Amino acid sequence: MNKATERNGVILYTHPYNGSYSHATLKAAEQAFIDRGVKYTVIDLNKENFNPVDDSSAKNVALIEKYQNLLLNATELVVLYPVWWSGPPALLKGFFDLVLEEKKFYTETIGKRKGIATNIRAAYVFTTSATPNLVARFALRWPTKTSITRGTLKVIGVKNIKFKNIDKLGVSLERRERFLRTITKMIKKGGRRV
């Protein structure tokens, strides 16, 4: 495979508990990349003790640089997180604040941002929540979807973004397994329509 067609995946994951359903989504995403033969790296913000407000300690500066390099060389990005209080965990918001620096991921002129991280040809955002999808979509206007897909990924230049949420986490095992299969199927398509 030549450099132009080589695929590099990054899985951005945040959840403090390895026994969570979110952790099962991580395993499904990893398996999809393995099945496709895509090289990938997992950024597990909790496991790596990333500090979402510290941009000066040597440890965090090294992590920020590592994450920037991973994202700037990625062709596919998977973002996995639980929805808490209608949004992503603070750890993930802090990651975006510290890692997605101007001039590396976007340029800004007189209030207009232009994304320059066009190396990411496909992004998938998979979330888990207790709030029913109908409430999140119509009453709340999908705040987490909007902030991550349009307010973050699109701003840095990602054009092909897929979003999927499993709601009402107390649902049946069958529905949870179907969601995991959906994650695998979407990632296996490699950015093409499912």
Q. From the list Pro88, Pro52, Pro143, which residue is touching a residue at least 60 places away in the same chain (Cβ under 8 Å) and not hydroxyl-bearing (Ser, Thr, Tyr)?
A. Pro88
Q.
Condition first: touching a helix residue (DSSP H, G or I) at 6+ places or on another chain (Cβ under 8 Å) and in a helix (DSSP H, G or I). Now tell me which residues in the stretch 28-63 satisfy that.
A. Ala28, Ala29, Gln31, Ala32, Phe33, Asp35, Arg36, Asn60
Q | Flag for Ala29 being among the small types (Gly, Ala, Ser) and without any contact (Cβ under 8 Å) to a residue 60 or more places away in the chain | A | no
Q. If you go through the stretch 8-17 one residue at a time, do you hit one that is in contact with a strand residue (DSSP E or B) (Cβ under 9 Å, 6 or more places away or on another chain), surrounded by 15 or more Cβ atoms within 10 Å (Cβ to Cβ) and either in a helix (DSSP H, G or I) or of a type in the set (Phe, Trp, Tyr) (or both)?
A. yes
Q.
Suppose the filter is in a helix (DSSP H, G or I), at pLDDT below 95 and over 27 Å from Thr182 (Cβ atoms); does Lys66 pass it?
A. no
Q. Is there a residue being open to solvent by 40 Å² or more (accessible area, probe 1.4 Å), touching a residue at least 24 places away in the same chain (Cβ under 8 Å) and part of a strand (DSSP E or B) anywhere in the stretch 110-120?
A. yes
Q. How many residues does the stretch 136-193 hold that are assigned to a helix (DSSP H, G or I), farther than 23 Å from Tyr21 by Cα and either open to solvent by 40 Å² or more (accessible area, probe 1.4 Å) or at pLDDT below 85 (or both)?
A. 4
**Q.** Residue among Lys145, Lys154, Lys104 that is basic (Lys, Arg), farther than 16 Å from Leu45 by Cα and in contact with a helix residue (DSSP H, G or I) (Cβ under 7 Å, 6 or more places away or on another chain)
**A.** Lys104
Q.
Just the residues that are among the small types (Gly, Ala, Ser) and farther than 22 Å from Ile120 by Cβ, please, taken from the stretch 23-77.
A. Ala24, Ser56, Ser57, Ala58, Ala62
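Which one is modelled with the lowest pLDDT among residues in the stretch 116-135 that are over 12 Å from the mean Cα position of the chain (by Cα) and among the β-branched types (Val, Ile, Thr)? Give the derivation first.
Filtering the stretch 116-135 for residues over 12 Å from the mean Cα position of the chain (by Cα) gives 116-119, 121, 128-135.
Now restrict to residues that are among the β-branched types (Val, Ile, Thr): 116, 118, 128, 131, 135.
On the way: Ile116: 95, Thr118: 95, Thr128: 88, Thr131: 74, Val135: 71.
Result: Val135.
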Q.
Condition check: over 25 Å from Asp167 (Cα atoms) and among the acidic types (Asp, Glu). Does Glu102 satisfy that?
A. yes
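The values are calculated or read from the model by the stated rules, or taken from the named source; none is laboratory data. Every value quoted in this text rests on a predicted model; they were computed, and no experiment measured them. Cβ: placed from backbone, ideal geometry, glycine included. Neighbour counts: every protein chain shown. Note: areas computed on protein heavy atoms with side chains; ligands, DNA, RNA excluded. Shrake-Rupley method; radii C 1.70, N 1.55, O 1.52, S 1.80 Å.
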